């Protein structure tokens, strides 16, 4: 089995297209098809289901893709070991950030990319659920986000903690209160993440345990959206403190609610079977070191 066939297989798997793989590999569509056919014959397994407009990995194909990715990770690691670091790391690395954390960590990532111009980097932003799937499937090397639980095969390392904060406009009646209660919060329209998110589930559980109903809730997709709608006067909001600190709004008050809510970890996740190169290790250190520089003090009047 040669790397050329493996590389073609990975491209087809990623784009679900023979023609796209042909364009990227400088081959003809028949040549790509022959490589995939020979690979399947060599393995004695069907790797793709063929549909009119795309090819989709079979269960065996998905398993093989994970192993193929590890082969190329090992190749990149071998290249980096002899390349030297005069011009930075070489090879590939990919990271996916929780959407609400992207602005906080963007400067550290930019600094890392500039220091290693020959490193082929992929940077995505996704929800925590999507991040887990990407890392678990071996599609992305490193994930950063909020993870209540991780499946077997995924390693998690906490880099910092955050809490839940209440946000409301300056001049709001709650600004005069020294000790905010869940009952007072529930008396207003509450802007929060959608019901499917782990953050929303934790908030709902807290109100439920205290036997408090929230009759008027506005659901949005992310913490930044919560703050935007609160700023527009649509209610009070509940967000991760770290998300509020990422982009403080001068006309909003942020109050930590650590009396009621447990802290949430911000963690880095990787696949336990992944071969982490020196570049990956350095990128993880950049996130860990960067976390220490983030000021998590809520903004207030």
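The values are calculated or read from the model by the stated rules, or taken from the named source; none is laboratory data. From a predicted model like this one, the values you see are computed outputs, not experimental measurements. No Cβ is skipped: glycine too gets one built from the backbone with ideal geometry, and neighbour counts run over all protein chains shown.
Test of understanding: among 71, 32, 95, which residue is more than 21 Å from the chain's Cα centre (by Cα), modelled with pLDDT of 90 or more and either part of a helix (DSSP H, G or I) or surrounded by 14 or more Cβ atoms within 10 Å (Cβ to Cβ) (or both)? Spell out the reasoning first.
Values: 71 fails: modelled with pLDDT of 90 or more; 95 fails: more than 21 Å from the chain's Cα centre (by Cα).
Sole residue among the options that is more than 21 Å from the chain's Cα centre (by Cα), modelled with pLDDT of 90 or more and either part of a helix (DSSP H, G or I) or surrounded by 14 or more Cβ atoms within 10 Å (Cβ to Cβ) (or both): 32.
Can you pull out the residues in region 123-177 that are within 8 Å of the chain's Cα centre (by Cα), in a helix (DSSP H, G or I) and closer than 20 Å to residue 281 by Cβ?
Once the filter is applied, which keeps residues that are within 8 Å of the chain's Cα centre (by Cα), in a helix (DSSP H, G or I) and closer than 20 Å to residue 281 by Cβ, region 123-177 yields only 131.
Answer yes or no: is there a residue in region 160-175 that is under 30 Å from residue 72 (Cβ atoms) and either surrounded by fewer than 16 Cβ atoms within 10 Å (Cβ to Cβ) or in the same structural domain as residue 206 (by TED's automatic domain parsing) (or both). Don't jump to the end; show me each part of the working.
Within region 160-175, the first condition is being under 30 Å from residue 72 (Cβ atoms), and the residues that meet it are none.
Among the residues of region 160-175, not one is under 30 Å from residue 72 (Cβ atoms) and either surrounded by fewer than 16 Cβ atoms within 10 Å (Cβ to Cβ) or in the same structural domain as residue 206 (by TED's automatic domain parsing) (or both), which makes the answer no.
Identify, by number, the condition in (1) modelled with pLDDT of 90 or more; (2) under 29 Å from residue 276 (Cα atoms); (3) within 29 Å of the chain's Cα centre (by Cα) that residue 55 doesn't meet.
(2)
Under 7 Å between Cβ atoms, at least 6 apart or on separate chains: pull out the pairs that start in region 270-284 with a residue that is in the same structural domain as residue 132 (by TED's automatic domain parsing) and end on any residue that is surrounded by 24 or more Cβ atoms within 10 Å (Cβ to Cβ) and assigned to a helix (DSSP H, G or I).
Every condition considered, the pairs that remain are 270/135; 271/135.
Within region 35-56, how many residues are under 14 Å from residue 18 (Cβ atoms) and not in a helix (DSSP H, G or I)?
Final tally of qualifying residues: 10.
Would you mind stating whether residue 157 is assigned by TED's automatic domain parsing to the domain that holds residue 288 and either within 30 Å of residue 131 (Cα to Cα) or out of contact with any helix residue (DSSP H, G or I) (no Cβ under 6 Å at 6 or more places or on another chain) (or both)? Explain how you work it out, then say what you get.
Numbers: assigned by TED's automatic domain parsing to the domain that holds residue 288: yes; either within 30 Å of residue 131 (Cα to Cα) or out of contact with any helix residue (DSSP H, G or I) (no Cβ under 6 Å at 6 or more places or on another chain) (or both): yes.
So residue 157 passes the test.
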